[in-house]
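Shown next, in structure tokens, is the structure this report addresses.
The values are calculated or read from the model by the stated rules, or taken from the named source; none is laboratory data. No experiment lies behind these values; they were computed from the predicted model shown. Every residue, glycine as well, gets a Cβ built from its backbone with ideal geometry; the counts of neighbours run over all protein chains shown.
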């Protein structure tokens, strides 16, 4: 089924009831996929959220007298007179949501975790009311629950007109307690640093940033479609909740392994010179991919601005996506200087991220709806190429890690400006200079052939 992925999660530590909970929540995610498919339409900038013939200006004008037109949880349709009206998700999908909610309530009844019971029941109610604030607040009570679960409409990547409408997504998995212990010192060190903001920027103070590392059992909706390796909730659109409660990021270990086997390792072995690969083993790159995903989710929420999304509108996603990856590598450098990461680990992180960028740009050619991450990654690759960080030899690529550090600093400054102070018009002009296809076409022929395989 499209947009639904399952993984063989180890459930041996779960009780019989907990395994039934996992099964019912996976079933709910599977039913969610049909709703997500109704929202998705990669041939239209507004996906299926708005009428295909509606212009941005017409929608903006209608929203002046009907605020629900740009509500994140409504479809916009034409009435019998041709005007624009808003219809809540819960009304369009009333029958389907009732089936999903029924499974959530059954799962809550089976759960042996009181906090998890309350959270899942609240999530069920929020699906029917098109507002997830109540259950988002309870999300923080289940940080250490053995089962991790989320379902709802969160990310805005399909709305390229306004970056407002949210698409359905979700996941369910089992907490990986060993990996949580293993990364404790790294996570604690990252959270102990103090961020500096540009003067005049409207920074958002985030009180708490927390992480769950899970053996994911199922991904549904947008997260499966985009092959995400992690997610951070509350969504960046829910800044009022982030400022009050903080965030919890969830790392999907099976998806990181899938990415490594299907994307990262093949590119590393085909694209990088053999002499370079003698320095870093496949296991090094695998660990680097995990760490860059972890650092991305931990650093991204720590740099939020009150007005960035509303100020940059549809341009926000393009810059924010790439900025998270840049910050992840910069954070790795910070941990290296603190003596918490070795030089080999730092090099593995930079190399894994470079492979990730190349693989995403190639994948985006067949998945047009991945345009936002692709544009961000194209900026990243362009800076690495222009700055001499990624160097071509007769046998393949090699990375100059000193030049990579300089390129990361430059990228950080550029992205920081747009997110902190830049206008939509400035961002649009900046993004016009970024052409992922042109950047990929300018790569050496042998590299393009290797990527195409």
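Residue-level check: of (1) under 26 Å from residue 364 (Cα atoms); (2) part of a loop (DSSP other than H, G, I, E, B); (3) touching a residue at least 60 places away in the same chain (Cβ under 8 Å), residue 10 misses just (1). Taken over the range 99-131, the residue count meeting the criterion of being in contact with a strand residue (DSSP E or B) (Cβ under 8 Å, 6 or more places away or on another chain), surrounded by fewer than 21 Cβ atoms within 10 Å (Cβ to Cβ) and more than 17 Å from residue 18 (Cβ to Cβ) is 1. Taken across the range 313-333, residues that are at positive phi and in a helix (DSSP H, G or I) do occur, with at least one present. Scanning the range 419-453 for residues that are farther than 15 Å from residue 375 by Cα and modelled with pLDDT of 90 or more yields a count of 8. Each residue in the range 132-154 was checked for being part of a loop (DSSP other than H, G, I, E, B), surrounded by fewer than 23 Cβ atoms within 10 Å (Cβ to Cβ), touching a helix residue (DSSP H, G or I) at 6+ places or on another chain (Cβ under 8 Å) and touching a residue at least 40 places away in the same chain (Cβ under 8 Å), and 1 of them qualify. In summary, helices (runs of 4 or more DSSP H) completely within the range 173-285 and bearing 3 or more residues that are surrounded by fewer than 21 Cβ atoms within 10 Å (Cβ to Cβ) and either over 18 Å from the mean Cα position of the chain (by Cα) or touching a residue at least 40 places away in the same chain (Cβ under 8 Å) (or both) occur at 177-182, 184-192, 239-245, 265-271, 274-277. Could you say whether any residue in the range 350-363 is under 19 Å from the mean Cα position of the chain (by Cα), at pLDDT below 85, surrounded by 14 or more Cβ atoms within 10 Å (Cβ to Cβ) and not in a helix (DSSP H, G or I)? Checking the range 350-363: not a single residue is under 19 Å from the mean Cα position of the chain (by Cα), at pLDDT below 85, surrounded by 14 or more Cβ atoms within 10 Å (Cβ to Cβ) and not in a helix (DSSP H, G or I).
Looking only at residues of the range 39-60 that are touching a strand residue (DSSP E or B) at 6+ places or on another chain (Cβ under 9 Å) and assigned to a helix (DSSP H, G or I), we find that the one that is surrounded by the fewest Cβ atoms within 10 Å (Cβ to Cβ) is 58. Being in a helix (DSSP H, G or I) and more than 18 Å from the chain's Cα centre (by Cα) is not true of residue 296.
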